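Everything below concerns the one structure shown next.
The values are calculated or read from the model by the stated rules, or taken from the named source; none is laboratory data. Owing to the predicted nature of the structure, the values given are computational and were not obtained by experimental measurement. Heads up, the Cβs are rebuilt from the backbone with ideal geometry, glycines too, and the neighbour counts pull from every protein chain shown.
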């Protein structure tokens with residue numbers, strides 16, 4: 001590959017082009033990050049209830065998780081050992 005020397009005007013044009021392409025891409029990435037953070041579950045640090053955004057109410061964790069997906073109730077091995 002032959003090294004190429006750019007004139008100052010060419011270099012400036014490339015810098016402007018870079019800014020025109022990179023800035024919108026960075027903005028899209030930042031917006032996507034913000035949207036993904038909106039999906040986080042808000043949990044009260046004191047009572048451990050979760051905030052259900054659509055209902056705008058706080059509910060116990062077990063109840064909240066049950067609204068997201070069916071929850072089978074099982075017992076872990078340690079609890080089984082304690083109750084045998």
(request) Go through (1) under 17 Å from the mean Cα position of the chain (by Cα); (2) surrounded by 10 or more Cβ atoms within 10 Å (Cβ to Cβ); (3) part of a helix (DSSP H, G or I) and name the single condition residue 41 misses. (result) (3)
(request) For residue 56, indicate whether it is surrounded by fewer than 10 Cβ atoms within 10 Å (Cβ to Cβ) and at pLDDT 80 or above. (result) yes
